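Encoded as structure tokens, the structure appears first; notes follow it.
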Amino acid sequence: MATLQLKNIKKIYEGGVEAVHSFNLDIADKEFIVLVGPSGCGKSTTLRMIAGLEEISEGELYIGDKLVNEVEPKDRDIAMVFQSYALYPYMTVYENMSFALKLRHLPKDEIDQRVRWAAEVLDITKYLDRKPKALSGGQRQRVAIGRAIVREPKVFLMDEPLSNLDAKLRNQMRAEIIKLRKKVNTTFIYVTHDQTEAMTLGDRIVIMKDGWIMQIGTPQEVFDHPANIFVAGFIGMPQMNFFDGELAKNGEKYQLTVNGCPVEIGESLQQALKEKDVPSKKVIVGCRPEHIELSSADNALKATVDVSEMMGSEIHLHLNCEGKDIVIRVPSTKLSAEHRGGFEFGTDLKFAFPADLIHLFDPETENNLI
Amino acid sequence: MKQTNKPSMSRVLRRRETFSAYLFLLPSLIFFIGFVIIPMVLCLYTSFFDSKLNANTPDVFVGFANYVELWRDPVFKKALVNTLVIVVVSVPTVAAFSLWVASAIYKMKDWMLSAFRCIFYLPVVTGSVAVTVVWKWMYNNYYGIFNYVLKGVGAIDNNINWLGNPSTALWCIIIILFTTSVGQPIVLYVSALGNVDASLVEAANVDGANNLQSFWKVKWPSIMPTTLYIIVITTINSFQCFALIQLLTSGGPNNATQTVMYYIYYTAFKLYRFGYGNAMGIILAIFIAVLSAFQFWLAKEK
Ligand SMILES: Nc1ncnc2c1ncn2[C@@H]1O[C@H](COP(=O)(O)OP(=O)(O)O)[C@@H](O)[C@H]1O
Ligand SMILES: [Mg+2]
């Protein structure tokens, strides 16, 4: 249980690769932080610097109030779950889980009590006498987590713990981690490339790209107000659609046109643009697939159907809109009976943006205009 | 039908594959049978004869007489004790020393690692005659470098006849054997240590293990198979120590460096008593087999 402070942390690998640039983050006690981003963006590097497995090239790392840059991993009081699980192959599950406690010279009965508690929590009591190679992927995963939670560490680090599991097991373990978190009340830092995991697990998520932090915020914040085009595209499935648009300031009001069609701007967005005093300019308009609506209005945008995917309760329509591919999600309840099963290839459709659910980005900086 | 992961082959295909496998094995199989199996059987067979391997003097069946004679032969006993001393001293020191060197160098930069590997491997690839001649010079009673240096620093007053003195001769042999034996174990240990799963060591560090603890708990079990292999090959090599003896001391002085291997050679090719020599060979083979089996068993127990 501790706060963490990362101040201007940098990692330059031997050979000059700068994997992490100036990472700044304050983590509250018992917070669940998720680092998310595409492969190679520096998530593992950051986590390993926190663990002490990788030297911090520049900057300061505090755990609690203590500067730990030069402290060895064994003295940082952290526990880590590795992507490969890294279970000791020559030890039984029980020995794997009790290893750290034995090194700390805890009394035997307390070790036993803690290991059995963790095994109970993770439902692996049956396997305590087995060696790791006699376990399935999901069971190994649990042992790896068990080995970490018996420790009651200050900080709990997890590097893509679910990425080696199949989809069904992954969903199940995700739910278990949420439950686990209530039982092990400590600070979590969790690394993943999967935005669903990030959104469902994190109190706050840190979105990274090429070693830079793109945005830090609660799942709600990054979803509702992505700081830039990268975040907008990264969070949300299917991806947000982007259109080239024209923003014009007309007296007190802003007007937006996409493909020559006028697009209404909601009141709060109008207000925000006005406060920022945004001039007339070209913009990139973003709108999520689930927010775009089919429309029959005269000034709606035109598109033709490329692919129509029936997902059960909704249909994913891949449309071609003036040469651009876009995706929209339509709940089947909103469709007439003849279209519940989907649309024919080449069907002409019209769609519109809801006024309050569009995002405007600067084409040059790619940042959100507001 | 049972489902397996591998697509099951038709029986015809499988038979054809087995046949071609044996065909490929044939050359080495012939070689193995002709030069290993048959001589071994012959060795066992002739050990029951008074054999001169000479057409003019036919072999005489003597039963276990050769073995009984061995039992009473003080030179053979001396040779056996010397051989066991060589094995017992050199195997642990070679294994421990090579592990120590390998641990120190395996994380170094590539060129440094190569340099060290080269240095320690050099005595292995250099011809044993060349190496031995150099050592013979270094041990020399009158102008050897050891006497020169030790006298120079005042450690000794009179020259020591290293190879001529029964109390030092065997140790001189052991030292040379050591330098020519550590090369391969070091190379093997370097690669074994490099192959230890790095995340296991990291996990141990995070779990709170210091370097020594993570070595014993993580690296040591991971390199156990390599250790076993090193111990077995070093044992066998030490048992078969021969060339050094022949080149340096011929078993002297007063049988102080007599080894079983050298004594076999001496009996068979100097005294032409092949039956007696082969009986020794059988005893040596039994010793090696039993000791290796014991080492495997020990490793498994752990
Ligand atoms: N040991 C290393 N030496 C040099 N570059 C490395 C090393 N480890 C990682 N990198 C580089 O650092 C960047 C970030 O890697 P990493 O933190 O593993 O990414 P992620 O975990 O987000 O996929 C990558 O470009 C990777 O190639
Ligand atoms: Mg990674």
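Scanning region A:54-75 for residues that are in a loop (DSSP other than H, G, I, E, B), within 16 Å of ligand 1 (Cβ to nearest atom) and among the charged types (D, E, K, R) yields A:GLU54, A:GLU55. Being away from ligand 2 (no atom under 14 Å from the Cβ), open to solvent by less than 30 Å² (accessible area, probe 1.4 Å) and either basic (Lys, Arg) or at the interface with chain B (Cβ under 8 Å from one of its Cβ atoms) (or both) holds for only one residue in A:ILE78, A:ILE63, A:ILE56, and it is A:ILE78. All conditions in (1) buried (at least 21 other Cβ atoms within 10 Å of the Cβ); (2) within 22 Å of B:PHE239 (Cβ to Cβ) hold for B:ILE175, with the sole exception of (1). Restricting region A:1-32 to residues that are aliphatic (A, V, I, L, M) and within 16 Å of ligand 2 (Cβ to nearest atom), the residue that is farthest from B:ALA209 (Cα to Cα) is A:VAL17. Considered as a group, the residues in region A:108-127 that are over 19 Å from A:LYS179 (Cβ atoms) and open to solvent by 70 Å² or more (accessible area, probe 1.4 Å) include one that is nearest to ligand 1 (Cβ to nearest atom), and that residue is A:LYS126. Scanning region A:23-53 for residues that are away from chain B (no Cβ under 14 Å) and either of a type in the set (Asp, Glu) or in a loop (DSSP other than H, G, I, E, B) (or both) turns up A:ASP26, A:ALA28, A:ASP29, A:LYS30, A:GLU31, A:GLY37, A:PRO38, A:SER39, A:GLY40, A:CYS41, A:GLY42. Quick check, is A:THR192 among the hydroxyl-bearing types (Ser, Thr, Tyr) and in contact (Cβ under 8 Å) with a residue 24 or more places away in the chain? Yes; evaluated as a whole, the condition is true for this residue.
Considering only residues of region B:199-234 that are touching a residue at least 12 places away in the same chain (Cβ under 8 Å), within 13 Å of another protein chain (Cβ to nearest Cβ) and polar (S, T, N, Q), which is least open to solvent (accessible area, probe 1.4 Å)? This residue is B:SER214.
Does any residue of region B:56-67 turn out to be out of contact with any Phe, Trp or Tyr (no Cβ under 6 Å at 6 or more places or on another chain), open to solvent by less than 70 Å² (accessible area, probe 1.4 Å) and more than 16 Å from B:TYR276 (Cα to Cα)? No.
Return yes or no: is B:SER191 within 30 Å of A:LEU53 (Cα to Cα), within 14 Å of another protein chain (Cβ to nearest Cβ) and polar (S, T, N, Q)? It is false that B:SER191 is within 30 Å of A:LEU53 (Cα to Cα), within 14 Å of another protein chain (Cβ to nearest Cβ) and polar (S, T, N, Q). Note on region B:157-274: enclosed helices (runs of 4 or more DSSP H) holding 3 or more residues that are within 22 Å of B:ALA95 (Cα to Cα) are B:166-181, B:183-194, B:211-214, B:224-239.
The set of residues in region A:5-35 being more than 9 Å from ligand 1 (Cβ to nearest atom) and within 20 Å of A:GLU197 (Cβ to Cβ) consists of A:LEU25, A:ILE27, A:LYS30, A:GLU31, A:PHE32, A:ILE33, A:VAL34.
The values are calculated or read from the model by the stated rules, or taken from the named source; none is laboratory data. This structure is a prediction, so every number in the text was calculated from the model and none was measured. All Cβ positions, glycine included, derive from the backbone under ideal geometry; neighbour counts span all protein chains shown. Accessible surface is based on the protein model in full, side chains and every heavy atom, while ligands, DNA and RNA are left aside. Shrake-Rupley method; radii C 1.70, N 1.55, O 1.52, S 1.80 Å.
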